[in-house]
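A short worksheet on the structure shown next.
The values are calculated or read from the model by the stated rules, or taken from the named source; none is laboratory data. Not measured: the values here are computed from a predicted model. Positions of Cβ are generated from backbone atoms using ideal geometry, with glycine treated the same way; all protein chains shown enter the neighbour counts.
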Amino acid sequence: MINKKLYLSKNIFQKDIEKETPRQGYGEGLVEAGEKDENVVVLCADVAESTRCSLFKQRFSERFIETGVAEQALATIAAGMAVYGKIPFISSYAVFSPGRNWEQIRTTIALNDVPVKIVGSHAGISVGPDGATHQALEDIALMRVTPNIVVVAPADTIETKKAIIEAAKNGKPTYIRFAREKIPIFTTEATPFKIGRAEILWESKFPQAAIIACGPLVYEALLAARELEKNAIEVLVINSHTIKPLDEREIIRAAKITGAIVTAEEHQVAGGLGGSVSELLARNYPVPIEFVGMPDCFGESGLANELLEKYKMESGGILEAVKKVIIKKGK
Amino acid sequence: MSTLSLAELEKKANEIRSDIIRMLQKAKSGHSAGSLGMAEVFTALYFSILNHDPKKPDWPERDRLILSNGHICPARYAAMAHAGYFPREWLWKLRSLGSPLQGHPERLRLPGVETTSGPLGCGLAQAAGIAYAARMDNARFRVFCITSDGEHDEGNHWEAVMFAGKYNLSNLTVFVDRNNIQIDGFTEDVMPLEPLVDKYKSFNWHVLDIDGHNIQEIINAVEHARAVYENPTVIIAHTIPGKGVSFMENLPEWHGKAPTKEEARKALNELKILKGKIRNGQK
């Protein structure tokens, strides 16, 4: 059942639950971060409207810097500004930043250990009709393997806003990625959020498996949990919005309680949240794991829901993975 | 800022050059040609141009010097040691385990190094970022950036050239070490850069073309750049790679090589004779 202490939306399972693109939360978070700290600046690679950093531009035009379609310059100019003392947020699509400019991020942001906030919009397969070229499915891996970088994939627009506001204050290179599509707003302003702390959204008395998810698939995991409950299968659902540093204590605890894990993310199975969780558990408490994510292939054009279904990343796919991992555990 | 005479600056450049040879020989690896070629530029910067305090490397009002082509850091390290940033003995630990003097310079390991560099084409954008941020805050310091000619092959560099031109970053002055060599050979064979002056002009930059071994010209060019309020300035400094050591000059194979003990001995001997000429005013 839903964890009541997290003040999730009362409409969480209503058909008419309000939806919003997390990009909106990004724009609103930027404005609030900008109000709180005048060192916050926003750099944009010709995607102000589509990433909604235009909201910051409208409010603080003097702190908004347009670099043109030049993601390598985007990262390196921001690195210079951060070396000087600013807190730059850099806006682009995840495929291009941190995709195209990975080495610049590695050397001038991560190795320098300066607080540039890399914001990758349009992440995941749900980018849809634009096709494989624009569906970032490797970005978490790129950032997670790079020392010093904090990696966050918030679950809805409210959580995105909170992540942006907290990232502005954490003093670290930070990568925040989110999807383009509208996602049910299932958290509220009152829902606790802290980078590095996973939250158990769905609890059970005798859980047989734990679903650890990030980004838009957290909501899909909750839908799967409700469906599984009807079939008398009890699970935990953990929102692991922070992939690095992983909430190790919570995840090891879930493995000990359930003995079976499913990870779910709009990302390649290799190197993302699933990789991160399995590295942790292999060292500390090995249990069977099933991975929901892209199986080492590229996406294609299609509607978001069509693609999520095709690649088994919606609630149905998560549900099947849970059943599979429970069988594995029983062997 | 020091008050060294021109002859004293030339002597200083010669000392820095000698220390570059010593460091590289001890490290047994590193980049000789570019480091030697930029001895005068680093000397002019650290001993005449920069507004800085070696005892307070974090002084907020200091001029910023970004070295984009990080591989010529032996020249920067030697100049910093002579300027008093750290004891000269540190130079002999270049590239060794635990040394603040990394093979390519790192911001977090050596105070006074503004940013980590080595991967080419990234320095100008960072310098432009600092210059832009400084202007936002009405800060008075100036930003200097040293780039190699070879790294002009990098797209990132030209993205930054466009950016600095667009925003008229007149507090930014860039040196191009125009020594005509890169790892695979001469720049005009690997990937032609000429007409370089025209390229920068067309990107809305103020361009100066100088002899990169003439300290007076270097100082004058920077003074000139200070008076330009409309554009960033690029100083194309023509240098001889390996300058001062006859068997290294103008040879691409010395780009990424360190001298052996015997080669270092010969090189230091040549530099000693040169020093005598400077003292006697024959150079």
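Things to note:
- Here the condition is being assigned to a helix (DSSP H, G or I) and touching a strand residue (DSSP E or B) at 6+ places or on another chain (Cβ under 8 Å); of A:Ile252, A:Ile257, it holds for A:Ile257 alone.
- In region B:103-112, of all residues being in contact (Cβ under 8 Å) with a residue 24 or more places away in the chain and farther than 27 Å from B:Asn168 by Cα, the one that is nearest to the other protein chains (Cβ to nearest Cβ) corresponds to B:His104.
- Subset of region A:78-92 [assigned to a helix (DSSP H, G or I) and in contact with a Ser or Thr (Cβ under 6 Å, 6 or more places away or on another chain)]: A:Ala79, A:Val83
- Within region B:249-279, the only residue that satisfies the criterion of being without any contact (Cβ under 8 Å) to a residue 40 or more places away in the chain and either aliphatic (A, V, I, L, M) or buried (at least 19 other Cβ atoms within 10 Å of the Cβ) (or both) is B:Ile273.
- Selection of region A:68-85 for residues being touching a Lys or Arg at 6+ places or on another chain (Cβ under 9 Å) and not small (Gly, Ala, Ser) yields A:Glu71, A:Gln72, A:Val83, A:Tyr84.
- Taken residue by residue, region B:171-183 has at least one member that is among the β-branched types (Val, Ile, Thr), in a strand (DSSP E or B) and within 14 Å of chain A (Cβ to nearest Cβ).
- Of all the criteria given as (1) among the hydrophobic types (A, V, I, L, M, F, W, C); (2) more than 10 Å from chain B (Cβ to nearest Cβ); (3) touching a strand residue (DSSP E or B) at 6+ places or on another chain (Cβ under 9 Å), the one not satisfied by A:Val31 is (3).
- Search result, residues across region A:76-111 that are closer than 13 Å to B:Gly123 by Cα, touching a helix residue (DSSP H, G or I) at 6+ places or on another chain (Cβ under 8 Å) and either free of Cβ contacts under 8 Å to residues at least 24 places away in the same chain or at the interface with chain B (Cβ under 8 Å from one of its Cβ atoms) (or both): A:Thr76, A:Ile77, A:Ala78, A:Ala79, A:Gly80, A:Met81, A:Val83, A:Gln104, A:Thr108
- On the stretch given as region A:48-67, residues that are among the hydrophobic types (A, V, I, L, M, F, W, C) and either part of a helix (DSSP H, G or I) or touching a Lys or Arg at 6+ places or on another chain (Cβ under 6 Å) (or both) total 4.
- Subset of region B:113-140 (residues that are surrounded by fewer than 20 Cβ atoms within 10 Å (Cβ to Cβ) and more than 10 Å from chain A (Cβ to nearest Cβ)): B:Arg135, B:Asn138, B:Arg140
- Residue within region A:115-135 that is under 18 Å from A:Ile164 (Cα atoms), within 14 Å of chain B (Cβ to nearest Cβ) and in contact with a helix residue (DSSP H, G or I) (Cβ under 6 Å, 6 or more places away or on another chain) present: yes
- Checking region A:10-32 against the condition returns a match, with at least one residue being assigned by TED's automatic domain parsing to the domain that holds A:Ala70, without any contact (Cβ under 8 Å) to a residue 60 or more places away in the chain and more than 23 Å from A:Glu227 (Cβ to Cβ).
- Criterion: surrounded by fewer than 14 Cβ atoms within 10 Å (Cβ to Cβ), at pLDDT 95 or above, within 14 Å of chain B (Cβ to nearest Cβ) and over 20 Å from the mean Cα position of the chain (by Cα) - qualifying residue of A:Val69, A:Val41: A:Val69
- Among the conditions (1) in contact with a strand residue (DSSP E or B) (Cβ under 7 Å, 6 or more places away or on another chain); (2) within 14 Å of another protein chain (Cβ to nearest Cβ); (3) surrounded by fewer than 21 Cβ atoms within 10 Å (Cβ to Cβ), the only one that B:Val207 does not satisfy is (2).
- In region B:55-79, the qualifying residues are those that are of a type in the set (A, V, I, L, M) and more than 14 Å from chain A (Cβ to nearest Cβ), and the one that is surrounded by the most Cβ atoms within 10 Å (Cβ to Cβ) is B:Ile72.
- Test: residue in region B:81-97 that is within 13 Å of chain A (Cβ to nearest Cβ), of a type in the set (A, V, I, L, M, F, W, C) and either under 24 Å from B:Asp177 (Cα atoms) or not in a loop (DSSP other than H, G, I, E, B) (or both): no
- Among the residues making up region A:294-330, a single one is at positive phi and touching a residue at least 40 places away in the same chain (Cβ under 8 Å): A:Gly302.
- In region B:1-54, counting only helices (runs of 4 or more DSSP H) that sit wholly within it, the ones holding 1 or more residues that are aromatic (Phe, Trp, Tyr) and at pLDDT 95 or above span B:39-44.
- Index of the failed condition, B:Glu151 passing every other in (1) closer than 23 Å to B:Ala133 by Cα; (2) within 14 Å of chain A (Cβ to nearest Cβ); (3) part of a helix (DSSP H, G or I): (1)
- Scope region B:210-248; condition closer than 25 Å to B:Lys272 by Cβ and surrounded by fewer than 16 Cβ atoms within 10 Å (Cβ to Cβ); matching residues: B:Asp211, B:Gln216, B:Ser246, B:Phe247
- Index of the failed condition, B:Glu253 passing every other in (1) at pLDDT below 95; (2) charged (D, E, K, R); (3) over 21 Å from the mean Cα position of the chain (by Cα): (3)
- Each residue in region A:85-106 was checked for being farther than 23 Å from A:Leu137 by Cβ and surrounded by fewer than 24 Cβ atoms within 10 Å (Cβ to Cβ), and 1 pass.
- All conditions but one from (1) assigned to a helix (DSSP H, G or I); (2) farther than 30 Å from A:Glu229 by Cβ apply to A:Lys5; the one that does not is (2).
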